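Below: the structure, in structure tokens.
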Amino acid sequence: MTQPAIHSSLKESRTFAPPATFSANAHISTQSQYEQMWQQAKDDPAGFWGQMAQNLDWFRRFDTVMEGQMPNVKWFTGGKINVSYNCLDRHLKGARKNKAAIIWEGEPGDTRVLRYQDLHREVCKFANVLKKLGVQTGDRVTLYMPMIPELTIAMLACSRIGAVHSIIFGGFSADAVADRNNDAQAKVVVTADGGWRRGKEIPLKASVDESLNQSPSVEKVVVVKRTGGDVDMVPDRDYWWHDLMEGASTDCDPVQLDSEHPLFILYTSGSTGKPKGVLHTSAGYLLGTALTTKWVFDLKEDDTYWCTADIGWITGHSYICYGPLANGATVVMYEGAPNWPDEGRFWEIIEKYRVSIFYTAPTAIRAFIKWGNEWPEKHDLSSLRLLGSVGEPINPEAWMWYHRVIGQERCPIVDTWWQTETGGIMISPLPGVTSTKPGSCCRPLPGVVPDIVSRDGKSLGPNEGGLLVMRQPWPHMLRTLYGDHERFVKTYFSEVEGCYFAGDGARRDEDGYVWVMGRVDDVINVSGHRLSTMEVESSLVSHPSVAEAAVVGFPHEIKGEGICCFVTLKTGEGDESLKKELIQHVRHHIGALAQPDQVRFAASLPKTRSGKIMRRLLRDIAAGRESTQDTTTLEDLNVLARLRADEE
Ligand code: WT7
């Protein structure tokens, strides 16, 4: 196989040491403490993680810390645990019982505060509701909900009885919901009438109704009344959340589950075929998210922590729900858009609740920059002490803006690299230790042993671009792809012998800092979320006019990557109205996130002699770049010239 030739032109020499006062008070506060933990975890992972597992409350202590080898590793076998117990019950014994667990703000400005006691009570009640609806340990429950406290309640209720939740982001369409319900064979769907987004109602229940025509496994639907919008309620299938909760008992013992009991499935895009149902299990996932929350965000008892992600993505699972709640944190949760009613909404929320830790995405930061400094400048951001970033590489200029305008040069920035599959943060600065470099996610956390290798698995030297892999297993890694273990092995463990690989290219600089250079597969990162070019292509091809489609990403000012579709038609030329129709078609099929930015009609697509579409050429065209690619294998050179001539 050929060496990956990933060329990096990014050079960044600025460094930012943590403020001395920050280091002095941090959970991990010196470089030597970090080095020692990292080395111990590398040399004796079982010893390290076994010791760390004391951070959790166990009904029965495990017999073995880790068993087997990648891809099939079991953690904490013999142990009995309950995730909701660790996120709730254990905090009720002391002062935390009256501490705010969730400070929630709805988009229209309504607010709710749930103390740990309140959250515990609601979770117990809803767990009993689920049981009454026939949900048993191991059954799958789909949650398709807005960002309201009931979503967290439903997650924890599932975990309390050992039901496996599958959360579907509210921006996905009915078809996407049906696909995921079918793959997971979900028994119950929990949804809401709708949710608020930029003052408009997103009609969730209507999408569920549409999806249920195609997903026969679903027996019952629970509907939270959020917007008050009109919904159809089907007798003996659909129930209002508030009706079911009214009579529910507040007593519900947490089920004592095996460490490896499945906690949730979360669907994510791969480079081929249908979405992958990433499966995470109980003890290892909980331990990983709890510890990384404490280390990376340096979480303390009196912090007010806000992660702006939607719970429908892994960031929300790990760093709105499980990680922070396992630590007894106060979490801010916001329902709506950052620019509603105006572009100052996030800064207003930070000021209002005195948020101290703020975790958001580069795509949001680029939007803030565009909206202008006057918005954050209108608000008092002095409560902030730490900033985080996740979802895609952050460009150094966006990093600097975040540092100056939001962090006011006082707050360390943690640029956290991880994935749906890794469950928790893998590579990130430690805010009290690491001298950060804008654009680098810096060094691996304790327990994480990454390498950067060529396609044949050889470690590469400083500043050589290659594949980012993990050489050792970690407790919060995915265990399988739901219902398709073979695909799991093939996707993550067959590219580089003995290693986990999930598709990113990276280099390590002379200080051992990691610089992630983006995906090397056919996955594009739109606004910090992975989308498969394949899925968009199959959606396009399902339109009656389309013969063939090739989809590629191109650099986009706000979204990081935009979606460009090259389409050949069965007959005729294609015009503006067909373009619009195709854009709507994909949006309807997959969801708003997948809405193409560009559709270009072409008479034919560039192919190799063996018939493979040459995407790298299309990527150059979409980006408006002169191609430096080798075209010797191209079947028909004229195709390229024609595509270029069509550029807008
Ligand atoms: C992909 C994972 C992890 C939660 C959000 C996305 C990219 C993520 C960073 C970062 C550079 C990053 C990678 C990764 N990514 N964080 N800090 N620097 N790239 O989760 O949908 O599973 O996507 O997002 O390409 O593989 P996801």
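Annotations for the structure displayed:
- Test result for L467, under 18 Å from Q419 (Cα atoms), within 13 Å of the ligand (Cβ to nearest atom) and more than 20 Å from the chain's Cα centre (by Cα): yes
- Enumeration of residues in segment 558-573 that are in contact with a helix residue (DSSP H, G or I) (Cβ under 9 Å, 6 or more places away or on another chain) and farther than 23 Å from V520 by Cβ: I558, V567, L569, G572
- Of residues in segment 372-413 being among the aliphatic types (A, V, I, L, M) and not in a loop (DSSP other than H, G, I, E, B), the one farthest from the ligand (Cβ to nearest atom): V405
- Selection status of G199, small (G, A, S) and touching a helix residue (DSSP H, G or I) at 6+ places or on another chain (Cβ under 6 Å): no
- In segment 553-579, residue nearest to L468 (Cα to Cα) [restricted to those that are more than 16 Å from the ligand (Cβ to nearest atom) and among the charged types (D, E, K, R)]: E557
- Consider segment 516-552 and keep the residues that are among the polar types (S, T, N, Q) and over 30 Å from N395 (Cα atoms). The one that is farthest from the ligand (Cβ to nearest atom) is S545.
- For the residues G270, G195, G229, the requirement of being small (G, A, S) and surrounded by fewer than 17 Cβ atoms within 10 Å (Cβ to Cβ) singles out G229.
- Screening E557, E581, E537 for residues that are closer than 30 Å to L430 by Cα and not β-branched (V, I, T) leaves exactly one candidate, E557.
- Filtered residue count, segment 297-331, keeping only those that are assigned to a helix (DSSP H, G or I) and over 13 Å from the mean Cα position of the chain (by Cα): 5
- Restricted to segment 87-191, the set of helices (runs of 4 or more DSSP H) holding at least 2 residues that are crowded, with 21+ Cβ neighbours inside 10 Å, assigned by TED's automatic domain parsing to the domain that holds D303 and not β-branched (V, I, T) is empty.
- Subset of segment 414-435 (residues that are under 23 Å from G512 (Cα atoms), within 12 Å of the ligand (Cβ to nearest atom) and not aliphatic (A, V, I, L, M)): D415, T416, W417, W418, Q419, T422, G424, S428, P429
- Check on K458, surrounded by fewer than 23 Cβ atoms within 10 Å (Cβ to Cβ) and either of a type in the set (S, T, Y) or within 15 Å of the ligand (Cβ to nearest atom) (or both): no
- Of the helices (runs of 4 or more DSSP H) lying entirely inside segment 195-296, the ones with 2 or more residues being without any contact (Cβ under 8 Å) to a residue 24 or more places away in the chain are found at 241-246.
- For K276: the one exception among (1) surrounded by 24 or more Cβ atoms within 10 Å (Cβ to Cβ); (2) within 24 Å of I413 (Cα to Cα); (3) of a type in the set (K, R): (2)
The values are calculated or read from the model by the stated rules, or taken from the named source; none is laboratory data. Because the structure is a prediction, the values reported are computed rather than measured. Methodologically, a virtual Cβ is constructed for each residue, glycine included, from the backbone with ideal geometry; neighbour enumeration extends over all protein chains shown.
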